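The values are calculated or read from the model by the stated rules, or taken from the named source; none is laboratory data. Please read these numbers as outputs of a predicted model, since none were measured by experiment. Cβ placement follows ideal geometry from the backbone for every residue including glycine, while neighbour counts extend to all protein chains displayed. The area values use the complete protein model at the heavy-atom level, side chains included, leaving out ligands, DNA and RNA. Shrake-Rupley method; radii C 1.70, N 1.55, O 1.52, S 1.80 Å.
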Amino acid sequence: MKKKVTKAIFPVAGMGTRFLPATKSVPKEIMTLVDRPLVQYAIDEARAAGIKEFIFVTSRGKGALEDYFDHAPQLEQELRKKGKDALLETLKSTNMESGAIAYIRQHRALGLGHAVWCARRLIADEPFAVMLPDDVIAADTPCLQQMVEAYEQTGGCMVAAMEVPPEKTSSYGILDVEEDMGSVVKIKSMVEKPKADEAPSNLAVIGRYILTPSVLSNLNKMKSGAGGEIQLTDAIAQEIGKDNGGVYGLRFRGQRFDCGSKSGFLQATVSFGLARAELRDDLARYLHEVVALDKAGQ
Ligand code: UTP
């Protein structure tokens, strides 16, 4: 029987330079979509998929992230006193069980693969998830849950995959597909950031993974790859074709926002704002006005 996926690694040690100067003092993962920090969306998605242990790989300057996960008894007491029950519930829903979160330091930003490797001692002989909180996914069934369900059928490693236009392949790891089974594809190789005419498909890997512990052994042996960084993709690629394993991609159902980029972050803000009943009308009216003004000015 396949072991259940109960641990997730959240690599959040990057410098977030695309959001400078904000990220001088605010970790990117604490930046807010409507009223929830990016990391809360990732935690909610992980919990829905059955994750019980949350491992954050952090770096200098990420104190606000650790503070965010503290319980806030005084604040709860104030809200209770004032009868603000809905807010109290919202606040309590973010409380994490004591001991469920671990923090590991990545002392130098040597890449995503290295960040995952830093958490190796907290993963025993079991599959684990990796989630990048920059990738926020709006979906009826949370993306990681879809992956866990698919993984229960396939085993091996699984990456979340989405179709991208040809001019975007050079920003992603792209899948070379051996067998297309509909939503799940079996992978024969992965190409890091290919130009449009060299891309084996338009299926791009985004920031959700279910990995076998052998990926950690591969990382153990690895020297830095492209750009001096230790690439997670290279360590996953070494699992391709292995018996009782292999690497699969899941075309998940949902909309992914790249909140590591300014444009993606703004689009997510609008989309999540419009999804909230109390904000929808005001926001939609404002957007119509702005678009009309913009058109008139052209
Ligand atoms: P990015 O490539 O988005 O880098 O990392 P970044 O530093 O966060 O942002 P920019 O490009 O400077 O604006 C993708 C994910 O991998 C993590 C990041 O925290 C982010 O979640 N990461 C990256 C690490 O944890 N360690 C690293 O050495 C590199």
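Within the stretch 98-125, being open to solvent by less than 30 Å² (accessible area, probe 1.4 Å) and in a loop (DSSP other than H, G, I, E, B) holds for 100, 106, 111, 119, 123.
Note on the stretch 9-54: residues that are more than 13 Å from the ligand (Cβ to nearest atom), open to solvent by 70 Å² or more (accessible area, probe 1.4 Å) and not acidic (Asp, Glu) total 3. What do you reckon, is residue 268 away from the ligand (no atom under 14 Å from the Cβ), open to solvent by less than 90 Å² (accessible area, probe 1.4 Å) and in contact with a Ser or Thr (Cβ under 7 Å, 6 or more places away or on another chain)? For residue 268, the condition - away from the ligand (no atom under 14 Å from the Cβ), open to solvent by less than 90 Å² (accessible area, probe 1.4 Å) and in contact with a Ser or Thr (Cβ under 7 Å, 6 or more places away or on another chain) - is not met. Among the candidates 208, 280, 253, the residue that is modelled with pLDDT of 95 or more, part of a loop (DSSP other than H, G, I, E, B) and either within 30 Å of residue 151 (Cα to Cα) or not hydroxyl-bearing (Ser, Thr, Tyr) (or both) is uniquely 253. Any residue at all in the stretch 81-91 that is modelled with pLDDT of 90 or more and within 20 Å of the chain's Cα centre (by Cα)? No - not one qualifying residue is present in the stretch 81-91. Of all residues being closer than 30 Å to residue 182 by Cα and surrounded by fewer than 16 Cβ atoms within 10 Å (Cβ to Cβ) in the stretch 271-281, which is nearest to the ligand (Cβ to nearest atom)? Just the residue, please. If we take residues in the stretch 271-281 being closer than 30 Å to residue 182 by Cα and surrounded by fewer than 16 Cβ atoms within 10 Å (Cβ to Cβ), then 271 is nearest to the ligand (Cβ to nearest atom).
I need the full set of residues from the stretch 256-277 which are outside any strand (DSSP E or B) and in contact (Cβ under 8 Å) with a residue 40 or more places away in the chain, in order please.
Going residue by residue through the stretch 256-277, those that are outside any strand (DSSP E or B) are 259-277.
Matches in the stretch 256-277: 259, 260, 261, 262, 265, 268, 269, 271, 272, 273, 275, 276.
I'd like the residue in the stretch 36-67 that is assigned to a loop (DSSP other than H, G, I, E, B) and at pLDDT 95 or above and, out of all such residues, is nearest to residue 149 (Cα to Cα). Spell out how you get there, then give the answer.
Pass one, the stretch 36-67, residues assigned to a loop (DSSP other than H, G, I, E, B): 49-52, 59-62.
Next cut, at pLDDT 95 or above only: 49-52.
Values: 49: 9, 50: 11, 51: 13, 52: 17 Å.
Taking the candidates together, the pick is 49.
Between 168, 221, the distinction of being surrounded by fewer than 16 Cβ atoms within 10 Å (Cβ to Cβ) and within 16 Å of the ligand (Cβ to nearest atom) belongs to 168 only. Checked against the criterion of being in contact with a helix residue (DSSP H, G or I) (Cβ under 9 Å, 6 or more places away or on another chain), surrounded by fewer than 17 Cβ atoms within 10 Å (Cβ to Cβ) and among the aliphatic types (A, V, I, L, M), the candidates 204, 196 yield just one match: 196.
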